[in-house]
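The structure appears below as structure tokens.
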Amino acid sequence: MTYQSFEDLIASMTPEICDNMRRAVELGKWPDGRVLTKEQRETCMQAVLAWEAKNLPEDQRTGYMEQACKSEEKDSEEQPVTLRGPDTLQ
């Protein structure tokens, strides 16, 4: 299948295609065992991120990290940390 643009590719992707591309990037190989080239890996990652940005809520996207600010917590308590040197690890 030939696409006129990257956007056409993203628009035609299904959740299953996105999952297969994500898995290929994670494992470094296609389901049939062929190794991804560096270019294929980069293109698949770009496609996965673009598809997720268009189709998933932010908290379900690859790489999402909750951005809670500790200073805004009402019941935050300081917790002291004790550092021990290598001669005191017993």
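Residues considered: R34, R61. Of these, the only one that is at pLDDT 95 or above, of a type outside the set (G, A, S) and surrounded by 10 or more Cβ atoms within 10 Å (Cβ to Cβ) is R34. Only one of these conditions is not met by E66: (1) assigned to a loop (DSSP other than H, G, I, E, B); (2) open to solvent by less than 70 Å² (accessible area, probe 1.4 Å). Which number is it? Tallying (1) assigned to a loop (DSSP other than H, G, I, E, B); (2) open to solvent by less than 70 Å² (accessible area, probe 1.4 Å), E66 fails exactly one: (2). The requirement of being outside any loop (DSSP other than H, G, I, E, B), more than 19 Å from the chain's Cα centre (by Cα), modelled with pLDDT under 90 and exposed (fewer than 12 other Cβ atoms within 10 Å of the Cβ) is satisfied by S71. In region 4-23, the residue that is modelled with the lowest pLDDT out of those that are of a type outside the set (G, A, S), closer than 14 Å to N55 by Cα and open to solvent by 40 Å² or more (accessible area, probe 1.4 Å) is E7.
The values are calculated or read from the model by the stated rules, or taken from the named source; none is laboratory data. Being a predicted model, the structure only gives us computed values, none of them experimental. So basically every Cβ, Gly included, is an ideal-geometry build from the backbone, and we count neighbours across all protein chains shown. Keep in mind that these areas ignore ligands, DNA and RNA; they rest on the heavy atoms of the full protein, side chains included. Shrake-Rupley method; radii C 1.70, N 1.55, O 1.52, S 1.80 Å.
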